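The values are calculated or read from the model by the stated rules, or taken from the named source; none is laboratory data. Note that the structure is a prediction, hence the values are computed from the model and not measured. Virtual Cβ from ideal backbone geometry, glycine too; neighbours counted across all protein chains shown. These area figures cover heavy atoms from the full protein model, side chains too; ligands, DNA and RNA do not enter into them. Shrake-Rupley method; radii C 1.70, N 1.55, O 1.52, S 1.80 Å.
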Amino acid sequence: MRPEPRPASVEEILAHAEWVRRLALGLVGNEAGADDLTQEAMMRAIERPPIQGSSLRAWFARVVRNLAIDQGRRRQRRVARELKVVEGQAGSSVGVDAEVPQPSDIHARLEMQEQLAQAVRELPEPYRTTTVLYYFDQLGTEEIAVRLKVQSSTVR
């Protein structure tokens, strides 16, 4: 008679944390996103642990990949919603219903943009150039890779 399969222990799960983070970083290409994916994968593993003896790396690889896909889909939906709002504002005529921003709102917005620009200026190369090309110039990873003469995986 075979023993009952038991879930992997928390220690076994946490032993893979650094590997999971490196995988997540390779998938999303940024530290914050990798940290989020790693945390979510660890939480899922602790809440519903895989069976001990099964390949934890394979399990984590599948979970992190699916989480990264979900994260990308959420980002695409958010961008689509934001574009609809912007297009709706651009298409609306200025009239009685148009809301005029308060000077304090404009000041706060400009302050935030200045802080963002300063944060980007302080990034070390090649992160600064890549960030500007991707977020400000809205170039894709392939085009950035061609311009910087690096592989697209390096840009990601």
Open item on the list: The conditions are (1) among the polar types (S, T, N, Q); (2) under 13 Å from the mean Cα position of the chain (by Cα); (3) farther than 30 Å from VAL10 by Cα, and GLN113 fails exactly one of them. Which is it?
Closed with: (2)
Task: Qualifying position, being under 30 Å from ARG6 (Cβ atoms), open to solvent by less than 80 Å² (accessible area, probe 1.4 Å) and outside any helix (DSSP H, G or I), among PRO49, PRO124, PRO101 - done: PRO49
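Of all the residues that make up the stretch 136-149, how many are open to solvent by 100 Å² or more (accessible area, probe 1.4 Å) and either touching a residue at least 24 places away in the same chain (Cβ under 8 Å) or within 16 Å of GLU125 (Cβ to Cβ) (or both)?
Within the stretch 136-149, residues that are open to solvent by 100 Å² or more (accessible area, probe 1.4 Å) and either touching a residue at least 24 places away in the same chain (Cβ under 8 Å) or within 16 Å of GLU125 (Cβ to Cβ) (or both) number 3.
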- [ ] Might you let me know whether the stretch 128-150 holds any residue that is farther than 30 Å from LEU23 by Cβ, out of contact with any Asp or Glu (no Cβ under 7 Å at 6 or more places or on another chain) and basic (Lys, Arg)?
- [x] no
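Listed residues ARG73, ARG109, ARG44, ARG81; which is closer than 17 Å to VAL28 by Cβ, open to solvent by 90 Å² or more (accessible area, probe 1.4 Å) and either basic (Lys, Arg) or at pLDDT below 85 (or both)?
Matching residue, one of ARG73, ARG109, ARG44, ARG81: ARG73.
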